[in-house]
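The values are calculated or read from the model by the stated rules, or taken from the named source; none is laboratory data. Just so it is clear, the model here is predicted, and its values are computed rather than measured. Counting neighbours? That spans all protein chains shown, and the Cβs are built from the backbone with ideal geometry, glycine included.
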Amino acid sequence: MKRSSLRQSSFLALLATTGLTCALITPAAHATTPAEQLGAYTAQSGAPAVPARGQQFFNNRQGRDWSCGSCHGALPTQAGKHASTGKTIGALAPAFNPERFTDSAKTEKWFRRNCNDVAGRECTAAEKADVLSWLMALKR
Ligand code: HEC
């Protein structure tokens, strides 16, 4: 009895250590800045980003019911509201929400999901660069 609880506790300690290590390593692996992500998308697309085109993409319905602005607001310098759940979504423009575009895994995950919802496909690197360059141009 004693022995098994000892084994159990060392297993738990191992789990805790592993979890801690992951927690310490994972964010660093994806940590980035809006400018770095814009640089990566621009390099991928091979052309400079065009903020005005990003704004247009953001507010156009791509043949579906929603635009990006349906959840994020047409001018995402303030909180938006999810079009179906009604949940509040923090401002998307990084100058108004310092957490934005600081985790490349998160950014990619939501671009994939939201572009599929709005456009029925993934966004291209050029579209991501355009949208991000417009969001970065929105200043206080
Ligand atoms: C149906 C609602 C909805 C629509 C439509 C939508 N989004 Fe989002 N978006 C969300 C939610 C929910 C999150 C995650 C919650 C959060 O980060 O606050 C999110 C997060 C994001 C992020 C993550 C940013 C980061 O790194 O923190 C990006 C980028 C994004 N959306 C871009 C877009 C673009 C571009 C479109 C249009 C193609 C779009 N969204 C349309 C709901 C939506």
Does A137 meet the test of being surrounded by 14 or more Cβ atoms within 10 Å (Cβ to Cβ) and within 6 Å of the ligand (Cβ to nearest atom)?
-> no
Among the numbered conditions (1) exposed (fewer than 15 other Cβ atoms within 10 Å of the Cβ); (2) modelled with pLDDT of 95 or more, tell me where P51 comes up short.
-> (1)
If we ask which residues in region 102-140 are without any contact (Cβ under 8 Å) to a residue 12 or more places away in the chain and at positive phi, their number turns out to be 0
Is there a residue in region 87-101 that is in contact with a helix residue (DSSP H, G or I) (Cβ under 8 Å, 6 or more places away or on another chain), surrounded by 15 or more Cβ atoms within 10 Å (Cβ to Cβ) and on the phi > 0 side of the Ramachandran plot?
-> yes
Counting just the residues of region 92-120 that are assigned to a loop (DSSP other than H, G, I, E, B) and either outside the structural domain of L38 (by TED's automatic domain parsing) or more than 9 Å from the ligand (Cβ to nearest atom) (or both), which one comes out farthest from the chain's Cα centre (by Cα)?
-> G120
Which numbered condition trips up S84, out of (1) small (G, A, S); (2) in contact with a helix residue (DSSP H, G or I) (Cβ under 7 Å, 6 or more places away or on another chain); (3) within 9 Å of the ligand (Cβ to nearest atom)?
-> (2)
